[in-house]
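The values are calculated or read from the model by the stated rules, or taken from the named source; none is laboratory data. The structure presented is a predicted model; accordingly, all values stated were derived computationally and were not measured. Quick reminder, even Gly has a Cβ in these numbers, built from the backbone with ideal geometry, and neighbours come from all protein chains shown. Accessible surface is based on the protein model in full, side chains and every heavy atom, while ligands, DNA and RNA are left aside. Shrake-Rupley method; radii C 1.70, N 1.55, O 1.52, S 1.80 Å.
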Amino acid sequence: KQEVTQIPAALSVPEGENLVLNCSFTDSAIYNLQWFRQDPGKGLTSLLLIQSSQREQTSGRLNASLDKSSGRSTLYIAASQPGDSATYLCAVGRGSTLGRLYFGRGTQLTVWP
Amino acid sequence: ETGVTQTPRHLVMGMTNKKSLKCEQHLGHNAMYWYKQSAKKPLELMFVYNFKEQTENNSVPSRFSPECPNSSHLFLHLHTLQPEDSALYLCASSQEWGTEEAFFGQGTRLTVV
């Protein structure tokens with residue numbers, strides 16, 4: 001069974017810092033990998049989707065990389081802002097049906113002014 | 001707003017009650033999912049529907065009964081639940097194949113008393 005691990009579990013930083021959130025998975029035979037954001041008590045907002053054939057994706061201040069062979073993905077957040085405070089979830093695609101996902105426990109990020 | 005709407009947002013029910021959760025999407029997706037998010041556990045996939053047919057049941061107890069009358073609507077019928085079933089229940093939708101990400105609803109916060 002696929003295991004997804006996210007490090008660190010929690011992170012508290014002053015605004016303006018560049019951040020790196022890590023995700024690792026045990027089975028490299030993945031279909032895709034998604035990064036989500038979850039605000040307290042809310043649903044998930046998709047941030048970036050990386051197909052298994054891709055190495056990285058970028059959206060604004062966010063950049064996600066994927067290294068299938070080593071079972072790792074990294075989410076890079078540039079110039080962090082208090083509005084970035086949320087839990088960030090990494091999810092690995094279980095197959096070609098796009099919503100079948102294995103999730104990590106998340107990294108809880110707090111960015112203070 | 002992700003295009004996936006869940007109702008109700010909050011639900012408190014007794015162990016002998018019967019209630020239903022509703023999910024609706026108008027994104028033209030043909031796959032829908034129920035996920036459970038318990039405290040201190042990763043999101044867990046419960047059920048998958050493709051073109052209204054259930055294609056996955058991840059050993060979910062029979063007190064949870066899904067229903068998918070059409071590709072736009074998904075229900076989760078609840079009966080004789082236990083307090084440990086209290087959780088955030090999230091609905092998602094996606095294309096079955098392709099390169100787009102899955103979209104999640106805001107969730108229903110369920111408390112079983």
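Rounded to whole numbers, the Karplus 3J(HN,Hα) couplings from phi for the range B:103-113 are 10, 10, x, 7, x, 10, 7, 9, 10, 9, 10 Hz, using 6.51 cos²θ - 1.76 cosθ + 1.60 with θ = phi - 60°, and x at Gly and Pro. By the Cβ distance rule of under 4.7 Å, chain B has these cysteines without a partner: B:68.
When the alpha-carbon atoms of the range B:66-113 are used, the pair Rg, Dmax equals 13.5, 42 angstrom.
Along the range A:32-37 the Karplus relation, 6.51 cos²θ - 1.76 cosθ + 1.60 evaluated at θ = phi - 60°, assigns HN-Hα couplings of 6, 9, 10, 10, 10, 10 Hz to successive residues, with x for each Gly and Pro. Compared with its chain on its own, the range A:67-113 contains the following residues whose accessible area drops by 40 Å² or more in the full protein assembly (probe 1.4 Å; ligands, DNA and RNA excluded): A:94, A:96, A:97, A:98, A:99, A:100, A:103, A:105. Look at the alpha carbon pairs under 8 Å that are at least 6 residues apart: their mean separation over the length of chain A gives a relative contact order of 36 percent. Here the 3J(HN,Hα) profile of the range B:12-24, calculated from phi with Karplus coefficients 6.51, -1.76 and 1.60 at θ = phi - 60°, is 10, 9, x, 5, 9, 6, 10, 9, 9, 9, 10, 9, 9 Hz, Gly and Pro shown as x.
Counting only other chain Cβ atoms within 10 Å of each residue's Cβ, the peptide B:11-17 averages 0.
Relative contact order for chain B using alpha-carbon pairs under 8 Å, separation at least 6, rounded to a whole percent? Numbers along the way, then the final one.
Working: 283 pairs, mean separation 42.3, N = 113.
Once normalised by length, the contact order is 37 percent.
In peptide B:37-43, what is the residue-averaged number of other protein chain Cβ atoms found within 10 Å of each Cβ? Could you put the intermediate results ahead of the total?
On the way: counts 6, 0, 0, 1, 2, 13, 12.
Mean shielding count: 5.
At 1.306 mPa s and 10 °C, plugging the Kirkwood radius over alpha-carbon pairs of the range B:28-113 into Stokes-Einstein gives what diffusion coefficient in µm²/s? Present the calculation step by step, with values, prior to reporting the outcome.
Numbers: Rh = 13.4 Å.
The diffusion coefficient I find is 119 µm²/s.
By the rule of a C-alpha distance below 15 Å, with chain neighbours fewer than 8 residues away ignored, the aspartates and glutamates paired with residue B:36 are B:44, B:56, B:84, B:85.
Please state the charge dipole magnitude for the protein assembly as shown, taken about the Cα centre, from unit charges on C-beta atoms (+1 on K and R, -1 on D and E), reported in debye and rounded to the nearest 20.
Numbers: 20 positive and 19 negative charges, 99 e Å.
Here the size comes out at about 480 debye.
If you add up the charges near residue A:112, with Lys and Arg at +1 and Asp and Glu at -1, over every other residue whose beta carbon is less than 14 angstrom from its beta carbon, what do you get? Its environment carries a net charge of -3. Extending 7 Å from the Cα toward the beta-carbon at both residue A:53 and residue A:69 defines two label points whose distance is 1.9 nm. Lys and Arg at +1, Asp and Glu at -1: add these up for the other residues within a Cβ distance under 15 Å of residue B:101 and post the number. Local charge sum for residue B:101: +1.
Applying a DSSP loop filter and a limit of 11 other Cβ atoms within 10 Å to the trypsin sites (Lys or Arg not before Pro) in the range A:54-109 leaves A:55.
Hull volume per residue, based on the alpha-carbon atoms of chain A and their convex hull, is 92 Å³. On a C-alpha basis, how far is the centre of the range A:48-113 from the centre of the range B:56-113 in Å? Whole number, if you could? Cα centroid to Cα centroid, the span is 23 Å.
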